[in-house]
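Below you'll find the structure, written out as structure tokens, and then a few comments.
Where a number appears in this text, it was derived from the coordinates with a stated rule and is not lab data. Source: prediction; values computed, not measured. Here the Cβ is made from the backbone with ideal geometry for all residues, glycine too, and neighbour counts use every protein chain on show.
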């Protein structure tokens, strides 16, 4: 005959108590990593925000901690997607991407605009409880802001000269929108990535851009030649002016010297005309005769001069 099974209720009671104590101990503390903060919920209501480290809470599910990465930079991509993304809200589906980047500029031109939003979680409690699904809301807000700004700009501004201004304005407006909704987010940067015309007109647009670049290149080359030639011409003009001024001073000084010499000679001529006249004649002849080379001077009354000449002397 089988023996009846005896249940030791004391042992069962001790085991249950041990399990309850173990669960209470393990559920009474939690750890927050260095790049995060924890929002403590008591019966589902947020009561505190804890910084990194080891913290204690009421066990058995009375308190619950929700860890939020507040120091990690997050991003959302629009119109394109980076492979290997870990953020589920970083990019949209491929069909949605084409719709996201298709826009109309202020001058009624079509453009394909790709951009990225970089942000952080600034207030964990606002992020978790003020807005349902804040990441999805951020995507909608970002697309609305960028479309509005692109719609106020020309296609040339969106593609070339106005990109930095668009980035700055979009960052400011998106940050203001997240603050107004108390989303607990801090927008660090909105940046346009690729902005292109539609594929059908891509080749024509590239030709126009190439023509504009050639124009700018020609203008820069012309300005370079201008900046090179004009200073050189000015330097040459200054040199010629300086040479002319020097020559003018030289001629004036020479004229003044001649005047002084003639005046001094006049004084001497006035005092002794004959002597002065003879001295001038002799001085003039002494300057002229050496230039004539070999010279024979004869008396006008002389006759038979050939025997006197040495014709072999050269």
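Structure values in brief
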read-out	value
Length gained when the stretch residue 213-residue 120 is fully extended (0.36 nm per residue, less Cα-Cα span)	29.6 nm
221, 113, 70 arranged by Cβ crowding within 10 Å, fewest neighbours leading	221, 70, 113
For the chain, calculated [θ]222 nm from helices alone, where every DSSP H run of n ≥ 4 adds -39500 (n - 2.57)	-17000 deg cm²/dmol
Exposure proxy order (Cβ contacts within 10 Å, fewest to most) of 265, 192, 22	22, 265, 192
Three semi-axes of the equivalent ellipsoid, segment 1-126, Cα gyration tensor, whole Å, largest first	53, 21, 12
Size-normalised alpha-carbon gyration radius of the chain, reference 2.2 N^0.38 Å	2.65
GNM top mover of 248, 111, 177 - the chain, alpha-carbon springs below 10 Å	248
Ranked 286, 92, criterion: other C-beta atoms within 10 Å, fewest first	286, 92
Segment 9-68, relative contact order in percent, only Cα pairs under 8 angstrom and at least six apart counted	37
Alpha carbon centroid spacing (whole Å) that separates segment 252-292 from segment 79-139	104
